[in-house]
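Student: Input: one structure, supplied below.
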Amino acid sequence: LLFFIYVPVVAIITWLIRKIAGVKNSNKTLRLGFIMLWILGFISIIGLIVTVGQDFKRKNNYSEEKINLSNP
């Protein structure tokens, strides 16, 4: 989740700082690193969603037991 959210934020901040500082050359290694981290975060998010979805689809194997409640 952190890679999916924070990598684009850090990339935008880095881009803004480079624009303000007037750096004109494009650092392709940095761009490729941000893209790879974001893709890793995207894959992790999909895996998390699938895992949580499977947990909700599982049937309960617990037996139900009725308990009589009485006022004291």
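Student: So for the chain, Kirkwood radius off the Cα pairs, Stokes-Einstein at 4 °C and 1.567 mPa s: how many µm² s⁻¹? Please list the in-between numbers first.
Tutor: Working: Rh = 16.3 Å.
For the chosen part, D equals 79 µm²/s.
Student: On to the next question. Excluding ligands, DNA and RNA, what is the solvent-accessible area per residue of the chain at a probe of 1.4 Å, expressed in Å²? The partial results should precede the final answer.
Tutor: Working: 7180 Å² over 72 residues.
About 100 Å² of surface per residue is accessible.
Student: Sticking with this one: Kindly list the residues of region 1-15 that lie in the label zone of Asp55, defined by a backbone N under 18 Å from the point 7 Å along the Cα-to-C-beta vector.
Tutor: 1-2
Student: Can you give the angle from 0 to 90° between the axis of helix 28-57 and the longest principal axis of the chain, with both taken from C-alpha atoms, to the nearest 10?
Tutor: So the helix axis and the longest Cα principal axis differ by about 10 degrees.
Student: Next up: Helix 2-21: angle to the longest alpha-carbon principal axis of the chain, degrees 0 to 90, nearest 10?
Tutor: Between helix and principal axis, roughly 20 degrees.
The values are calculated or read from the model by the stated rules, or taken from the named source; none is laboratory data. If you're wondering where the values come from, they're calculated on a predicted model, not measured in any experiment. All Cβ positions, even for glycine, are placed from backbone atoms using ideal geometry, and neighbour counts span all protein chains on display. Areas reflect the complete protein model, heavy atoms only, side chains present, ligands, DNA and RNA absent. Shrake-Rupley method; radii C 1.70, N 1.55, O 1.52, S 1.80 Å.
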